[in-house]
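Student: Following this message is one structure expressed as structure tokens.
The values are calculated or read from the model by the stated rules, or taken from the named source; none is laboratory data. Since the structure is predicted, the reported quantities are computational estimates derived from the model, not experimental observations. Quick reminder, even Gly has a Cβ in these numbers, built from the backbone with ideal geometry, and neighbours come from all protein chains shown.
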Amino acid sequence: MAKSPKKIPTIKSPDSPDATHPGSPPLVKNVGLDMPDALLLGIDSPAISQAPATSAAANAVPTVSLHALSDAAHDFSATRNAIAWPQERFHELVPVTQNDGLFTGPDQRTYAQIANEGQFVVEQDGQGNYHVPLTFAPGVPGLPLTRTEGQAIWQIQRPARPSNRPASSTPHLPSYISPADAMTLTKPEMATEGLRYNRLRQTFVTTVDGTVMVRKNQDGEYQQAFASTTNAPDVFFEQIPGTVFWRRKTPGTKPSGTKPEASQSDNAVPGPSKRPRLAEATETLTASKATTPPEELTPYFWLPWGHLNKPVHIESVQLGWLHYPIVPVGSNTTPKVYFVCHPEFVPTDFNTFESMLINMPERQPVATFRIGSDPGEVHPGKRFFEEPISTSVARAFPDFSEATARAVARRLFELADHSETITGTGLINVQAVLHQWKQLPFSTAPDFADPLNMLAVAPDIDLGSKRLIPMPSQTDSELQRLSFDPQHFPSAWNHYKTYPSDLNLRRLLGALLVGCGYELFPLTYEHRMPTLVFKRAGHDQIFFLKLGAISQAGLTHVPGNELAEPGLPARIGQDAFKALTDAAAQNKVVWLIGGVLKVASTPDSVFIIRER
């Protein structure tokens, strides 16, 4: 009797029918890529999981079981040996032809010398091109190889951005020195801009693929160099900002000392509303998607980003027998999902990450994980972000000014894993919050994801019986002010401007807060000293907002115990007063000041700051 084919391990929800069929592509059917991204792959991030499960939809999410990716849990030596030839048996390999870097082994398979990583099994396709087979991903093309010009070594072809420069029939690839030689170089300290030197004072730079000898040319660019010749190929390198590492420059880019041409956004004339720029960012992203190369539309477009040997000085994960640089995992030390880095992306701060999402979204990390243990099938992978984070914030809170949307996006990025630089835990939490913000009221979002909770306490100045709060700038690195752009709510704004009473001020701010997903306690008939009390569904925090119209760049107020004011119950209502009193006893009141800001030469706006 014929032996049944081995089933490919898959992941499925408990209530789904058995969809494990021999030979079917792993996970394409069982993991719903149309699921909310925050719930993709059964993600269970610590920050999000702490939020109370008040939504019925949250309780209905199917449990997804994953194998933890642990170096100690799985041994890939068998699969790696299937493609890597042991170095101690190098003498058994027979060169195919002279100086082409190809060998025939005793097993009659073809091996190629790949950079300084060793000899690996290669196969030839119908067009005569060589590639490293990926037996751990059935049906996926192997890693394409290109021979280094003039040398008997091969390189894995990395994805490159499209360029207007005509393609060369013999593309130049960097030539890396051996790891042993790299160990003899000086350390790449930041004081030396990541440059390294040997005893002859020759210059070297280190990339994710290896260490390269370079020289500085007349244009100020660092170019591939060789000790034995003055001829240099058109291979240039640039330092990755904020790191000691370098990367190969995309062909056609200007030298680092050249001032970039002014872009359309740089020349744009500031107007009363900058909302169109957020739309432009979305259009840029859509246009980028339209020009994405066909190979990047395949589920496994990211497989060529791997390395045959484990990269040094960079966090990585092993999928199949390949090693992939990843975004640092962050505070969740037992992650289920890993973010594989694009070869031309380095994890960094919010500004760089946001700029990448606007201009080159195809370089964002890809979320994936490994299933099974041998031979190690790999999940197809998914890009988490379809638009810049600030654009997502603007969609969730459409009345925010552009500066506020970006400031909230930055603060969310930093609070997601309490880090100013990107982490895998942070990306999961950011993406989960963005999804929850789409479901107003956003009751399932954790407290840190509330824009009002993100506000830092505004600094004030002691004036004796009063205190002065200078109006915080919208451009400060710390989020100290939420601004609402009147051009986004013209009808309500025009009504207030026509009848600027305390009642209409309460109505204006109340409508903006309801639009942001908050619940207001009913307004009373007492409108003097206008005040609003509101909350968020499913959370026990109470927000207390004192209102006013400010005609200068600062405001004065008398600090004190508002709960002791005799007229407070009449101003806010008995229900609001009781909720406020109970929350104050648990230290769960957020004290705010807001209203209309009128400053000379600046368009009027609505603002909220945090008093304490």
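Student: Here's a check for you: in the range 205-236, which residue that is surrounded by fewer than 17 Cβ atoms within 10 Å (Cβ to Cβ) and either outside the structural domain of residue 193 (by TED's automatic domain parsing) or among the acidic types (Asp, Glu) (or both) is nearest to residue 304 (Cα to Cα)?
Tutor: 234
Student: Within the range 419-451, which residues are surrounded by fewer than 18 Cβ atoms within 10 Å (Cβ to Cβ) and under 22 Å from residue 314 (Cβ atoms)?
Tutor: 419, 420
Student: Mind checking whether some residue in the range 373-391 is in a helix (DSSP H, G or I), modelled with pLDDT of 90 or more and small (Gly, Ala, Ser)?
Tutor: yes
Student: Here is a check on your reading of the model: is residue 509 within 23 Å of residue 399 (Cα to Cα) and in a helix (DSSP H, G or I)?
Tutor: Here the answer is yes, as residue 509 does meet what is asked.
Student: For residue 136, state whether it is surrounded by 13 or more Cβ atoms within 10 Å (Cβ to Cβ), more than 30 Å from residue 437 (Cβ to Cβ) and modelled with pLDDT of 80 or more.
Tutor: no
Student: Has the range 260-273 got at least one residue that is of a type outside the set (Asp, Glu), modelled with pLDDT of 55 or more and either surrounded by fewer than 18 Cβ atoms within 10 Å (Cβ to Cβ) or within 15 Å of residue 209 (Cβ to Cβ) (or both)?
Tutor: No, that holds for no residue.
Student: Same structure again: Taking residue 420, is it modelled with pLDDT of 90 or more and over 15 Å from residue 437 (Cβ atoms)?
Tutor: Criteria met by residue 420.
Student: If you don't mind, there's one more thing I want to ask. Out of (1) at pLDDT 90 or above; (2) within 30 Å of residue 598 (Cβ to Cβ), what's the single condition that is false for residue 427?
Tutor: If we test residue 427 against (1) at pLDDT 90 or above; (2) within 30 Å of residue 598 (Cβ to Cβ), just (2) comes out false.
Student: Of the numbered conditions (1) in contact (Cβ under 8 Å) with a residue 24 or more places away in the chain; (2) in contact with a strand residue (DSSP E or B) (Cβ under 9 Å, 6 or more places away or on another chain); (3) of a type in the set (A, V, I, L, M), residue 461 fails exactly one; give the number of that condition.
Tutor: All conditions are met except number (1).
Student: Has the range 475-490 got any residue that is touching a Ser or Thr at 6+ places or on another chain (Cβ under 8 Å) and either among the β-branched types (Val, Ile, Thr) or closer than 26 Å to residue 578 by Cβ (or both)?
Tutor: No, every residue in the range 475-490 fails to be touching a Ser or Thr at 6+ places or on another chain (Cβ under 8 Å) and either among the β-branched types (Val, Ile, Thr) or closer than 26 Å to residue 578 by Cβ (or both).
Student: Follow-up question, since we're still on this one. For residue 398, are the conditions met, namely being in contact with a Pro (Cβ under 8 Å, 6 or more places away or on another chain) and farther than 30 Å from residue 333 by Cα?
Tutor: Answer is no for this residue.
Student: Here is a further query. Looking at 443, 401, 392, which one is within 20 Å of residue 511 (Cα to Cα), of a type in the set (Ser, Thr, Tyr) and out of contact with any strand residue (DSSP E or B) (no Cβ under 8 Å at 6 or more places or on another chain)?
Tutor: It is 443.
Student: Give the residues of the range 98-119 that are under 26 Å from residue 311 (Cα atoms) and not in a loop (DSSP other than H, G, I, E, B), sorted by residue number.
Tutor: 102, 103, 110, 111, 112, 113, 114, 118, 119
Student: Would you pick out the residues in the range 153-177 that are crowded, with 16+ Cβ neighbours inside 10 Å and either under 18 Å from residue 232 (Cβ atoms) or modelled with pLDDT of 80 or more (or both)?
Tutor: Matches in the range 153-177: 153, 154, 155, 156, 171, 172, 173, 174, 175, 176, 177.
Student: So residue 203 clears everything in (1) over 14 Å from residue 175 (Cβ atoms); (2) modelled with pLDDT under 85 except one condition, right? Which one?
Tutor: Result: residue 203 fails condition (2) only.
Student: Report the residue count in the range 295-345 for those that are surrounded by fewer than 22 Cβ atoms within 10 Å (Cβ to Cβ), part of a loop (DSSP other than H, G, I, E, B) and among the aliphatic types (A, V, I, L, M).
Tutor: 4
Student: In a helix (DSSP H, G or I), over 24 Å from the mean Cα position of the chain (by Cα) and free of Cβ contacts under 8 Å to residues at least 12 places away in the same chain - does that describe any residue in the range 477-490?
Tutor: For the range 477-490, residues in a helix (DSSP H, G or I), over 24 Å from the mean Cα position of the chain (by Cα) and free of Cβ contacts under 8 Å to residues at least 12 places away in the same chain: present.
Student: Filter the range 491-535 down to the residues that are basic (Lys, Arg), touching a residue at least 24 places away in the same chain (Cβ under 8 Å) and closer than 15 Å to residue 547 by Cβ, then identify the one that is surrounded by the fewest Cβ atoms within 10 Å (Cβ to Cβ).
Tutor: If we take residues in the range 491-535 being basic (Lys, Arg), touching a residue at least 24 places away in the same chain (Cβ under 8 Å) and closer than 15 Å to residue 547 by Cβ, then 528 is surrounded by the fewest Cβ atoms within 10 Å (Cβ to Cβ).
Student: Quick one: count up the residues across the range 504-542 that are among the aliphatic types (A, V, I, L, M) and at pLDDT below 90.
Tutor: Selection size over the range 504-542: 3.
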